[in-house]
1. Mind telling me which of Gly108, Gly77, Gly68 comes out most flexible in a GNM of the chain, alpha-carbon contacts under 10 Å?
2. Whole angstrom only: what separates the Cα centroid of the stretch 24-47 from the Cα centroid of the stretch 67-117?
3. Only Cα pairs under 8 Å and at least 6 apart count here; give the relative contact order of the stretch 1-119 as a rounded whole percent.
4. Which whole-Hz ³J(HN,Hα) couplings does the stretch 41-46 yield from phi under the Karplus relation 6.51 cos²θ - 1.76 cosθ + 1.60, θ = phi - 60°, glycine and proline marked x?
5. Pick from Thr105, Thr158, Thr14: which is most flexible by mean-square fluctuation in a GNM of the chain where alpha carbon atoms under 10 Å apart are linked?
6. From the phi angles alone, apply the Karplus equation (6.51, -1.76, 1.60; θ = phi - 60°) to the stretch 121-128 and give each ³J(HN,Hα) in whole Hz, x where the residue is Gly or Pro.
7. If we count every other residue with Cβ under 12 angstrom of Val17's Cβ, Lys/Arg +1 and Asp/Glu -1, where does the sum land?
8. Any idea how far apart Gln117 and Gln83 come out in nm if each label point goes 7 Å out from Cα toward Cβ?
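Laboratory data are not the source of any read-out in this text; all were calculated from the coordinates shown. Just so we're clear, the structure is a prediction, and the values are computed from it rather than from any experiment. Methodologically, a virtual Cβ is constructed for each residue, glycine included, from the backbone with ideal geometry; neighbour enumeration extends over all protein chains shown.
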Amino acid sequence: GGTYTDAVLVEYETNKVLAASKAFTTKQDLSIGIRKAIDRVLALCPADVRMVSLSTTLATNAIVEGNGAPICALLIGYPDHLQHSPDLDQQLGTSRYAFISGGHTTTGEEQQPLDLQAARQAILQNAPYVEAFAVSGYFGTRNPEHEIVLKALVQELTGKPVTCGSELTHRLDALRRATTVSLNARLIPLLRDLIDAVEATMAER
């Protein structure tokens, strides 16, 4: 949670709650709060834990608070009127974005070849300042080929998390899809850190 990390020990077969505890969520290092909550619940009822289940409001809280990891958005084949949309920085949640030639038509045909040189330059230029990338192609819902190529290029050049608009929605509205994929990319590093913290605490035990 945003304020507290709760730990509950449950007997799986009967669904009986054996013990519960809480600790402050330590946003600077999530593993601290997680470790305290686990230590406290096991002190109340020592047990041979067979399964760990995780639920979190981390993503919801980040959205409400306007937080998230720094990202770069790569927008493929977007027309001029979308490139000059007002408050584009605010809509994408980042001032780091690049328009790359390419994209497809409404029938899925390539409207322009994908400009790999420009894409490579944008990726390398922004990589030192971001934790993840978002990729969205114009009519990527009709043909995600260019998105898939850029996703592989980001992974090859940076090893950082990258997500594509076509992986999240098949609805039209290129700008909304770009906003959606950018938001998703901003959350991935936060959730990755949470999972790493839980796994590290489990490994200690």
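1. Gly108
2. The distance from the Cα centre of the stretch 24-47 to that of the stretch 67-117 comes to 42 Å.
3. Working: 141 pairs, mean separation 20.0, N = 119.
17 percent.
4. The phi angles translate into 6, 6, 5, 6, 8, x Hz.
5. Maximum among the listed residues: Thr14.
6. Result, rounded to whole Hz: 5, 5, 5, 5, 5, 9, 3, x.
7. Values: positive: Lys16; negative: Asp6, Glu11.
Residues close to Val17 contribute a combined charge of -1.
8. So the label points at Gln117 and Gln83 sit 1.7 nm apart.
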